[in-house]
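All remarks here apply to the structure that follows.
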Amino acid sequence: MRLGGELAVVTGSTAGIGAAIAIRFGAEGAAVVVTGRDRRRAEAVARTIRDAGGHAHIILADLEHESECARLIEDAATALGGLTVLVNNAVAARVDTVDGAVADLATEAWDATLRVNLSAPMWLTRAAIAPMVGAGHGAIVNISSRQAERASRGHTAYIASKAGLNGFTRAVAVDYASDNIRCNTISPGYVLNARRDHDLSADRRAQLEAMHLTRLGRAEDVAFAAVYLASRESEFVTGTNLELDGGASNARGSVLG
């Protein structure tokens, strides 16, 4: 078991990439806290982990609020008997005024995005440091996006939040290396999503595939990378940004409009 004995919180783990990470962590021996805002979906993920012989706890939290982030980590450390791994995966839900080009961007949309995508990882990480120090080691994995460095149109707040998260990773890595706490980023390219891509046209799929040297990403691809960065296999890796994009960062690709 590559994560045997690890005690993990995976935010936004009721669906998509977060669920894939939580399920894979459970399969690799970690005890996992599944967290989000939807109990029904959380129970489905936790059931999948348990049915495969893993250990899962459910702690619901709304990461828009600083107090909820602190409570989540405190409750998780109590439920798990400590904390050694934190995956900051949750992203802001759609708000009334959506993201867009800066001239069209409402302050409410900007604030809502940065609050969940950047402030929440800071609040969660801040709360997680003490139990990780107590455990003698820790691994923090931040799920960013290739868009932080290769922007597409109309995503100002999202892009800014993910670029900030990349910088946050480096700061944490530097400040806590002496405490045996590592912090790394995964920046996925386009990852297929069942809800978003259920009616993906052939032309649109071809356009997206043209951005990659291999194929479109799957949530499981991110999960496998997260296992590596959370495990002792990556003890010599900290402060890095893993571009998990099917080679797109090495070649010209179409820019999404």
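Every read-out reported here was derived from the displayed coordinates using simple, explicitly stated rules and does not represent laboratory data. What you see is a predicted model; the values in this text were computed from it and never measured. Using ideal geometry, Cβ is built from the backbone for each residue, glycine included, and neighbour counts are taken over all protein chains shown.
Could you compute the longest span of the chain free of GluC sites (Glu not before Pro) located in DSSP loops and having at most 15 other Cβ atoms within 10 Å, not counting the site residues? Maximal segment without exposed cleavage sites: 1-148.
Taking the convex hull of the alpha carbon positions in the chain and averaging its projected area over all directions gives 13.4 nm².
In plain terms, the residue of PHE236, PHE168, PHE25 with the fewest other Cβ atoms within 10 Å comes first and the most crowded comes last, giving PHE236, PHE168, PHE25.
For segment 117-123, putting each phi into the Karplus relation 6.51 cos²θ - 1.76 cosθ + 1.60 with θ = phi - 60° gives couplings of 7, 10, 5, 4, x, 5, 4 Hz, in residue order, rounded to whole numbers and with x for Gly and Pro. Could you pull out which residues in segment 59-101 have an amide N less than 19 Å from a spot 7 Å beyond the Cα of ALA194, following the Cα-Cβ vector? Answer for segment 59-101: 90-91.
A crude spin-label estimate for the pair ARG37 and ARG218, with each label 7 Å from Cα along the Cβ direction, gives 3.0 nm.
A simple spin-label model places the labels of PHE236 and GLN207 4.4 nm from each other, with each point 7 Å out along Cα-to-Cβ.
Residues ASP51, ASP199, ASP99, ranked from the fewest to the most other C-beta atoms within 10 Å, line up as ASP199, ASP51, ASP99. A Förster radius of 41 Å combined with the Cβ-Cβ distance from ASP104 to HIS55 puts the calculated FRET efficiency at roughly 0.35. Quick one: angle between helix 66-80 and the longest Cα principal axis of the chain, in degrees between 0 and 90, rounded to 10, please. Here the helix axis deviates by roughly 50 degrees. Compared with the direct C-alpha span, the chain from ASP111 to ARG153 gains 13.2 nm at full extension, assuming 0.36 nm per residue.
Between ALA79 and TYR228, the contour length at 0.36 nm per residue exceeds the alpha carbon distance by 51.2 nm. Backbone phi angles across segment 213-227, fed through the Karplus curve with coefficients 6.51, -1.76 and 1.60 (θ = phi - 60°), yield HN-Hα couplings of 8, 10, 7, 6, x, 10, 4, 5, 4, 5, 4, 5, 5, 5, 4 Hz in residue order; Gly and Pro are listed as x.
Residues whose amide H lies under 5 Å from that of ALA139, counting only those 5 or more places away or on a different chain, are VAL85, LEU86, ARG182; hydrogens are built 1.01 Å from N in the peptide plane. Each stretch of four or more DSSP H residues adds -39500 (n - 2.57); spread over every residue of the chain, this sum gives -13000 deg cm²/dmol at 222 nm. Just to confirm my numbers, what's the Cα centroid distance between segment 116-161 and segment 173-187 in Å? Distance between centres, Cα-based: 12 Å.
Sorting MET132, MET211, MET122 by the number of Cβ atoms found within 10 Å of their own Cβ, with the fewest placed first, yields MET122, MET211, MET132. Phi angles across segment 231-241 convert, under the Karplus curve 6.51 cos²θ - 1.76 cosθ + 1.60 with θ = phi - 60°, into 3J(HN,Hα) values of 8, 5, 4, 10, 4, 9, 10, 7, x, 9, 10 Hz, Gly and Pro given as x.
Per residue, the average separation of C-alpha pairs within less than 8 Å and at least 6 apart gives segment 101-257 a relative contact order of 27 percent.
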